[in-house]
Amino acid sequence: MATTFPMTARARQARDFANLTLWTFQGWLAMFFVAAGYAKLTEPMTNLVTLMVWPQFVGENLVRGIGIVELVLAVGVLVPLLSWKVGRWPLLIATVGLIALQTVMLGVHATNLHIGLSIVNLLLLAITIPVFLGRRAPR
């Protein structure tokens, strides 16, 4: 029979700090992908080509579709903020989707030697992966 002990103040503080860090990362991800998705949906293609280069190689519908996906995933990252009753599944699905999207875009940017955009994707992965790992199991 396992003995359980009450959580110490230090352990509670560490748990609270981790939770705050994850919520901060989730907020940053949501803000970034809402802005990116909105830009892909509303900006003329000439502006998007100037900013990101890769849209010149794909169709406009793909760029607009990626914008919609980014908006949906950004909302999914914040669903637990609205209600934990929904569960963590929307958050986990959204983070896996963002990890996949960022990995593909990292490959696109690295292949085309866009170092700045590659670094942005690496930073986004450095924020998204901890959110997925930290939220995948109940505390």
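The values are calculated or read from the model by the stated rules, or taken from the named source; none is laboratory data. These figures come from a predicted structure and were not determined experimentally. Ideal geometry is used to build each Cβ from the backbone, glycine not excepted, and the neighbour counts take in all protein chains shown.
The table that follows gives values for the structure above.
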read-out	value
GLY37, sole failed condition from (1) farther than 24 Å from LEU91 by Cβ; (2) surrounded by 16 or more Cβ atoms within 10 Å (Cβ to Cβ)	(1)
Residue in the stretch 8-20 that is surrounded by 12 or more Cβ atoms within 10 Å (Cβ to Cβ), assigned to a helix (DSSP H, G or I) and either at pLDDT 90 or above or among the small types (Gly, Ala, Ser) (or both) present	yes
From GLY107, GLY87, GLY27, GLY76, residue being touching a helix residue (DSSP H, G or I) at 6+ places or on another chain (Cβ under 6 Å) and closer than 25 Å to LEU133 by Cα	GLY76
Test: residue in the stretch 41-59 that is under 24 Å from ARG135 (Cβ atoms) and touching a Gly at 6+ places or on another chain (Cβ under 6 Å)	no
Filter pass, LEU106 being part of a helix (DSSP H, G or I) and surrounded by fewer than 16 Cβ atoms within 10 Å (Cβ to Cβ)	no
Looking only at the stretch 111-138, and only at residues there that are exposed (fewer than 15 other Cβ atoms within 10 Å of the Cβ) and hydrophobic (A, V, I, L, M, F, W, C), the one that is modelled with the lowest pLDDT	ALA137
Those residues of the stretch 56-77 which are modelled with pLDDT under 90 and part of a helix (DSSP H, G or I), in sequence order	GLN56, PHE57
Counted residues, the stretch 32-55 - those being part of a helix (DSSP H, G or I) and touching a residue at least 24 places away in the same chain (Cβ under 8 Å)	11
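For (1) farther than 17 Å from LEU73 by Cβ; (2) aliphatic (A, V, I, L, M); (3) in contact (Cβ under 8 Å) with a residue 60 or more places away in the chain, each residue gets a yes or a no:
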| position | (1), (2), (3) |
| --- | --- |
| ARG88 | no, no, no |
| ALA94 | no, yes, no |
| LEU106 | no, yes, no |
| ILE115 | yes, yes, no |
| VAL120 | no, yes, no |
| ILE129 | no, yes, no |
| PHE132 | no, no, no |
| ARG135 | no, no, yes |
